[in-house]
Amino acid sequence: MTSTTEHNSLNVYLANYFIYCPLLCEKEGQEHRKILYYYPSNVDIDRQIRTIGYCEGLIQFTETFGFDDQCECVHLQKTRLLFCKVEHDICLTMTLNVPNMERKKNEKSIIEYYDEHINDRLMLSILKMSYRYFVLQHGTMSSLVQPNGIEELKNTLKIYFDKFIQNRLHRMIVDTTIDSSYFGIQFLPVEKINYIKIQSILRRFELRFTSLKETLFLYRNQLIWSGLNQDDTSLIYSYFRLHYWPQIKTLQNTSTIRYLTIDTSANPSDELIISTDVISQEFFLGCPATSHRIVVININLFTIFCIFYNDEELSNNETTLSKINSYKKDFDEILPYFEENSRKKHSTIDANVRTIYFNKMNMAHSSTVDWNREPNNTMIGITSTLAEDLQWFHPSGEIMVKRENDPWIIAKRSDMRELLVIINQKNANLKDISDKIKQIFSTQFNNILLLE
Amino acid sequence: MTNNQSGYFLKLSSQPIVFEPISNGTSVFYDKDNQQLFCVRGSGAMENTDSFRFIRRKKQNRRIISNSTINENQLSFNQEQLIKNIENKIDIIYKSYFWKQFEKNFLYWINQQITSIDILSYGLGHISSSICSQYQYALLKLIEKLFENKIENIYLYDPIWTKDENNFLENHNTYSKYIILKENNQANQIINRSSFIYIPFCSKPIHNNLLYSNWNKKNLNEILFFGNSLEKFSNEIKFDQKKFFYIYQATNFSIEISLPLFEHYINAFNEQVFTLFNHNIISIINENKIIQLKNKKNEKSIENKNQLEKITIEQLSEDIWSLHIKPIYTNEDEIVVSSYCVTVKGQRHEQAYSFRLEDKGAIQSIKFNPDLSVLAIKRNSNSVEFLNFAPIPQITSSTRPSISTTATILQSDAIEYSQLSKTKSSKLYDFNWLSDKEIVFVTDQSIEHYLLNAEKRTLRPLKHYPIPNTNWQLFSREMNLLLISAGSPSGNSLIPFSFHKMQQQQLVKLPKFEVDLPQAQSIMQRSNSIASNSSLSSSQSTNRRCYELTERDCMLATIYDKAYLLVIRQVFRVAGQGSVEVVLYQIETDHKPAQKRHILRLNLYGKCALNVVDNLILIHHQPTKTTYIYDIEENSTSQYDGFQTIHEPLLSQLSIQPINVNWQLASSTISTSSTTIELYSSNWIVFLPNVIIDVKMGCLWYLSINLDYLLDLIPDRLLLIDILLRRINGKSSILTLLRTLLTNVIAPVQIDSNNLSNISASNVLDCWIEIIDRINRVFIENSSNRPLLDQSDIYSVLSLFSTIASVSTIGTTTTYNRSLSITSSDTISDDNHQTKALKFATSVVIEYIRSLNGFNIQVQYFIYELLVNLLVKNNQFFQLQQLIQYQVLTDSLKLACLLLSLSNKQQPTTQIALDMLKRLTNANEEIVEILLGHNFVIEALHFCMEHIPITRTLARKLLEAALKSDEILSSTTSNQKLLFFTVYTFFEEYFQHTTTISALAQLPTTNDKDDLEMFKTLFNLHFRNQDTDVANIQ
């Protein structure tokens, strides 16, 4: 709420966010037609047209240089433009104001712009994610146009994005870290025997419903199983982290089965709807995104996403309830193991070492960095920059960085994996750190092959 | 589902062991421990089936009665006593219904005869000792008495008669009509006048010869036979039409009149008939029985070739009479007086054996030792004779495929040696071979344990256990158990002895125990006669059996690896309503008395027999011709009352599969007919574990169970799997069960919708979980009598999942396709079905892996391979990654290779494979290869430095890869052999450093040097041509 009205110029903030489709403008004078959504909405229509035209021009201009990929971001002194093309010819654009600071120099006040404080990679992933969240709840824009026409789409976009930008996007932009930018999946480590037990329960459960497609199984905020493909899994998982988890963790922990849905039109604090009756929600999943019914079951700290093809079976509340209830015992049975497991954690972690691990292949992500407690703001920037630089290495590479009074930061890439290690050993030299890294790899990451 | 194969649960072996039926001078012994059937021909070996014997024509074998070796003393008898005995018997016969019928028929015949008659009697047997013979003689006497005035002469002949018997007969010749023939004329006796030929239980040759001698219309019309049925002869399994031509022809026109049972002593006249040939004489005969068959006897295509046209003697064509061939019998068929021809058949040795024995009296018991080197024979009640045999000639089965047809002739040692029972006065019941060299005699006073020395032909007594008042014994070599019934007159006090098969000379007496009998009002006297037939007045016999325990009702069997005594008893709970119970006493070896453990209840009453097949107890109920099956480990059919477990039948009212015996297969003779066997015949004798012998047919079968039958019979899959898992041969049925179970889901055949709910995927999976856990539990317990299904067995079932087509790749079906046409929605639903099927299959495989893990069984690669393939088919790469990540699929080199091979599809599995190889720690070479394969040369080099000893061959490999990689890169960028330079300089430096230390030790061959030489020149060519530059670079 606060960030929309008054913003600290030292922070990045969203200047505008718009969606347009160039194809909708067939001839001159109809430029306003191509605008599907524009934020802020109070901007004069001519200004909207001009801004969009300006972006179009930029994209077209860069295309003449013949790069394979379309231009994704443009660095300006005061602003940053980010583009994202979806569904062939719809373009999402986001303008960010570059953090600045007024300084007195030679009696003159100069505004210094900190261009490096905005990381393209991080912001682009937020932009893409904003679109994917929309698709998850409403389907693709082209599929929305087909039955209802452009106006209906515009309407839907406006309702959705006004709320989304107000409630989520501002915070996402300000709070973004390297961890949040991955939109990866945190897997809960589970012993083989118990894992197979869960598999067994879930698979039996799935077969009870003929229209049940797949399930996702989470304990607390960590994923244990997903039957969906990787993209859908990471999307639902991110959605869960964004909408469900902040609410679930405040809930009373009970062993009764609860059914959860999200009302995105409500305020973030009370968007979670809890019921003891089976309630479902529509999600658009797959490629192309098609409508599915989702039932979210919560029991103790387990959350189970059940993805149904349709709601035929769900219409009979009684039988569904009894079917689901018959598995309650199974879930109760495995619970002690997880409680035990979560208590055992956090034992042998070197207090001076923080690691961030991301594997693009399976979206697995884990991090021991607590960004709220990390005092040094600049470190966020450095890690993000290093992570961005890693993209240039193929298949492997390693960078070690240290600034005065800062901890050592080691960024490593191995094929599809990214690994960032922060070692708080300020007096260590390169050799010491190199040895330390070797030791960390051979202890914490001994089960994977890290290329050098 | 039902087919012919699975129509019956119980089956008899398709090829029975065929032997000569018991009636015609053959006696049969079955040795349970060796599983051998002794078929003794040529003697009235069994006490009550005396029969005639021939003397062979060959001179060297001719035996005259006076030369008989039979101990005269032994057979001496009290003549007066005998006369009394016979008079007594005459009286009995006279009062019987049998005689009434006999007399009626005989009178009718005799009245038709113009002249007075002769009586010819052959082969009455030892009148002095055999009860049968006495009855037969008594009947003759009775005829003689009543028809005295009609009888001219009575010719008597039996070569086995002793002097005393001859004398007795002559003295007893009240009516002076006896002419006792001294010369053996082979029954080639031509009649002088109308004759009654009295030949009870005589063999085929005698009948045949008598017919041959009188082969003309006149004579035959005047003859009345009383003896074995010619029809029966001709219907015998191995009836030879040529050899017994006259019997064969005579059945054409013969008329047989059967007589009622002689109830007082059945064996005396059982199945003996009147045979005559003159149709005019018999008016009683039912005309309907004479079936006029149109078929000629030489038409081969007639179904029943043995059955000749039924015609009267007058209708018979004349040329038959002109045939006058003297019957010739070969050695094989000839029944020899001096020696028994013994054929031994059995499962254990596959081969049939035959040998000859001296005739030294009726054989009471005959048994080989386990290795068939020594034969023990018991002929009288206090000694056992032994005979050594040469080792059995080994016949490879390839040279003689048809085992059953020919018998190997065994050569016996010439000298018999014998062992008398130690206690002189005692009566020897039986003997048992404990091992090849040990034998135990059981007498009414003691058990005697001997050690045999076959070379020296001696026996050394080892131990003597006096046990007074022994009633009977049971023995099982397999169970190492000898059970003696002793002490109590009702026979229910039992002493078990166990012996050690390996350790010699040990016979351990176990605590004795008592079998409880139903309360008896009065103690009945024990009767020695155990002869009972189905038609014996049942109330009397069952009454007796209720109050005493006899050998016939007790059996020893091992069930589920425990030794049990099985006791059949008839129980009367409600007055007039009986039921059968089988009580199982467990005989423990740890010196505790045997405990009554199980009771099998059968709510039927009547004669029963037991078989134990595959730890199932089969109760055959003879009156209803059904079998009831019990499984003492099945909980659902049993209840524990605090002391014993009471069992109800697991399966009720089953019957044995009807079987035809094809005699051609079974014997060497020409006849080709196949006969349907009467099941549950009263002629059946049943032995544990699974032997059924039909003494009249001359067949021995092994009863087997057809577990596949249960698949249809028991709908409860879990009960079914439990039952099958207790069967040693349950494997294939279990596999069938699993296969049908899974096929129902992945390829449902919608026959009836009622069943559909039952076979929903979810139910089947629940069922599968239970089943697979039980299978694995049995597997891990690894007990010998259970079916062990290993992973390849289960895989053979699971491999049916490979029939599921793979799902079309994601994204090909777009939203537009949905609304387009019906066909496209069909493909979608098809896809949907396949996805479901694949998902189900995956679940099934994962459940199997879970179960294996639960039992700590290492999962074999092919199971993983199947799972991986299923996931890939369903495009579930992400799920595959998760499963590997959580170690559901255990790392292995093979699995890594499989993942590598999949990597070229849409999903990168190389990373998983490399991680797996790294975790394996012994696959570093492979990792290098893969890295080089991806042109990750520098990475490979780094990896080598840490994990692999650097050699020149490795250097060469890396240098080659670097060159190749450079070439690829040079096409896109301006690469100037950068990789080659890096790799080369590394190795150059490395080898310079290490030549002095380790490389020298490796002794690089000149060949290696040459290898690297090539790279050296290449390197020099590219980088060293300007010397100064190189220096700068370095």
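Since every read-out is calculated from the coordinates, none of them should be taken as a lab result. Computed from a predicted structure; not experimentally measured. With ideal geometry, Cβ positions are generated from the backbone for all residues, glycine too; neighbour counts draw on all protein chains shown.
Positive-end ranking of A:427, A:142, A:200 along the dipole of chain A, with charges on Cβ about the Cα centre, is headed by A:427. Structural descriptor for segment A:13-176: relative contact order 22 percent, calculated from alpha carbon pairs under 8 angstrom and at least 6 residues apart. Residue pairs exceeding 19 angstrom between C-alpha atoms, taken from A:192/A:329; A:34/A:158; B:84/B:104: A:192/A:329; B:84/B:104.
As a ratio to 2.2 N^0.38 Å, the alpha-carbon radius of gyration for chain A is 1.07. Spin-label pair residue A:137-residue B:589: with each label point 7 Å from Cα along the Cα-Cβ axis, the two points sit 7.7 nm from one another. Take each residue in A:220-227, count the other chain C-beta atoms within 10 Å of its C-beta, and the mean is 2.
Excluding same-chain neighbours fewer than eight residues apart, the aspartates and glutamates reachable from residue A:163 by a Cα-Cα span under 20 Å are A:6, A:151, A:152, A:175, A:263, A:270, A:271, A:282. Straight-line cross-link reach from residue B:95 at under 13 Å between alpha-carbon atoms covers these aspartates and glutamates, not counting any fewer than eight positions away in the same chain: B:87, B:103, B:263.
Remark: for residue pairs B:378/B:509; A:438/B:964; A:412/A:438; B:141/B:177, the C-alpha separation exceeds 20 Å in B:378/B:509; A:438/B:964.
For the pairs A:85/B:836; A:197/A:344; A:85/A:249; A:360/B:873; B:957/B:977, flag any whose C-alpha to C-alpha distance is greater than 27 Å. With Cα atoms farther than 27 Å apart: A:85/B:836; A:85/A:249. Here the spin labels are modelled as points 7 Å beyond Cα on the Cα-Cβ line, and at residue B:969 and residue A:174 they lie 4.7 nm apart. Shielding by partners for peptide A:140-147, expressed as the average number of C-beta atoms from other protein chains within 10 Å of each residue's C-beta, is 1.
Taking a straight line from the alpha carbon of residue B:243, these aspartates and glutamates sit under 15 Å away, with near neighbours fewer than eight places off in the same chain left out: B:332, B:333, B:334.
Take every pair of alpha-carbon atoms less than 8 Å apart whose residues are at least six positions apart; their mean separation over the length of chain A yields a relative contact order of 11 percent. Scoring B:110-119, A:106-115 by mean Cβ neighbours within 10 Å over their residues and listing the highest first yields B:110-119, A:106-115. About its Cα centre, chain A has a charge dipole of approximately 1060 debye under the convention of +1 per Lys or Arg Cβ and -1 per Asp or Glu Cβ, with nothing else charged. For segment A:13-176, the dipole from Cβ point charges (+1 on Lys and Arg, -1 on Asp and Glu) about the Cα centre works out to 560 debye, to the nearest 20.
Remark: the residue B:79-residue B:188 segment gains 36.1 nm on full extension, using 0.36 nm per residue and subtracting the alpha carbon distance.
Counting other C-beta atoms within 10 Å, and keeping those with at most 10, which DSSP coil GluC sites (Glu not before Pro) do you find in segment A:354-438?
Answer by residue number: A:404.
A Förster radius of 41 Å, combined with the Cβ-Cβ distance separating residue B:641 from residue B:856, puts the computed FRET efficiency at roughly 0.60.
Model label sites at residue B:945 and residue A:158, defined 7 Å from Cα along the beta-carbon direction, differ in position by 6.4 nm.
Each eigenvalue of the Cα gyration tensor of segment A:13-176, multiplied by 5 and square-rooted, gives one semi-axis; in descending order these are 29, 19, 16 Å.
Within 10 Å of each Cβ in A:193-204, how many Cβ atoms from other chains are there, averaged over the peptide?
Details: counts 5, 1, 8, 12, 3, 1, 11, 8, 0, 2, 12, 9.
Mean inter-chain Cβ contacts per residue within 10 Å come to 6.
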